[in-house]
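The values are calculated or read from the model by the stated rules, or taken from the named source; none is laboratory data. Owing to the predicted nature of the structure, the values given are computational and were not obtained by experimental measurement. Here the Cβ positions follow ideal geometry from the backbone for every residue, glycine too, while neighbour counts run over all protein chains shown. Just so you know, the surface numbers come from the protein's heavy atoms only, side chains and all, with ligands and any DNA or RNA stripped out. Shrake-Rupley method; radii C 1.70, N 1.55, O 1.52, S 1.80 Å.
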Amino acid sequence: MQPRVRTRALARAAAFGLGLAVPVAVLAYLVRAQVPAVVAFDERAVAAATDVTRAHPALLRSALAWQELFQARWVNLAGGLVCLWVWRRHGLASRALWAFVTILAGWGLQLAVKGAVQRARPVVDDALTDAPGSSFPSGHVTNFACTATAVALLVWPLLGRRGRVAVATTGAVLLVGTALDRVALGAHFPSDVTAGALLGTAIAGASYVGYAGWRPPAGPHPDPQHPGSPARPPAPAPPPA
């Protein structure tokens with residue numbers, strides 16, 4: 001691949017990543033500066049959400065189960081298994097490797113951002129869960145947003161229209177559910193989960209833009225009647241008359 005093409009691919013990836021990372025940086029500044037309006041909104045939201053959760057034991061049990069199910073180790077394991085399946089079943093080795101590396105990178109980057117911002121967790125009377133570490137951004141939400149986006153992009157060419165709608169809808173619903181879960185348990189402020197959703201999407205999206213622009217041409221296009229199938233070889237030339 002020509003150096004100019006590689007440079008353009010990296011530039012597009014950086015532009016996409018910055019487009020979503022800028023709001024994260026703004027939120028990080030606001031919470032670090034303890035802007036009164038942001039702090040007041042966050043604290044009121046957590047207090048109201050935890051009051052509702054505490055008043056409904058079934059909701060609390062469901063929220064605690066959701067918290068465990070969407071731990072990074074389980075989400076990343078599921079994402080890794082999808083990568084393995086795509087590689088072994090469909091032979092898309094480079095695409096599967098890209099998705100797996102992106103998932104691991106997202107996990108590492110959210111830890112780095114947490115360490116840089118160092119925001120304290122919400123202080124909740126009669127705490128509903130034990131959540132150690134920094135609060136901004138939400139690790140659960142960042143990790144899930146990155147993994148879900150990477151997995152969706154990984155399997156996208158293998159799916160028809162209905163499959164794509166199902167994957168996108170399921171990912172969005174689970175992401176919103178994870179964000180609400182973190183606030184309902186008092187583990188994170190709304191600004192934490194908002195930043196996590198943006199950051200995770202930015203990591204996976206920028207990674208894919210760079211990957212798609214960097215990789216060499218794959219040859220003939222896949223069979224349009226069977227998305228994700230290997231490309232059909234060109235028809236043999238007719239014999240001379």
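Details
- Computed over neighbours whose Cβ is under 11 Å from that of ALA28, the net charge equals +2, Lys and Arg +1, Asp and Glu -1.
- Rolling a 1.4 Å probe over the protein heavy atoms leaves HIS188 with an accessible area of roughly 0 Å².
- Accessible surface computed residue by residue for the range 32-140, with neighbouring protein chains in place and a 1.4 Å probe, gives 59 Å² per residue.
- Full-stretch length increase - LEU69, ASP51 - with 0.36 nm per residue and alpha-carbon distance subtracted: 4.2 nm
- Angstrom value of the Kirkwood radius, inverse mean 1/r, which spans all Cα pairs in the range 30-186: 17.1 Å
- Length added when fully stretched, LEU77-TRP156, from 0.36 nm per residue minus Cα-Cα: 26.5 nm
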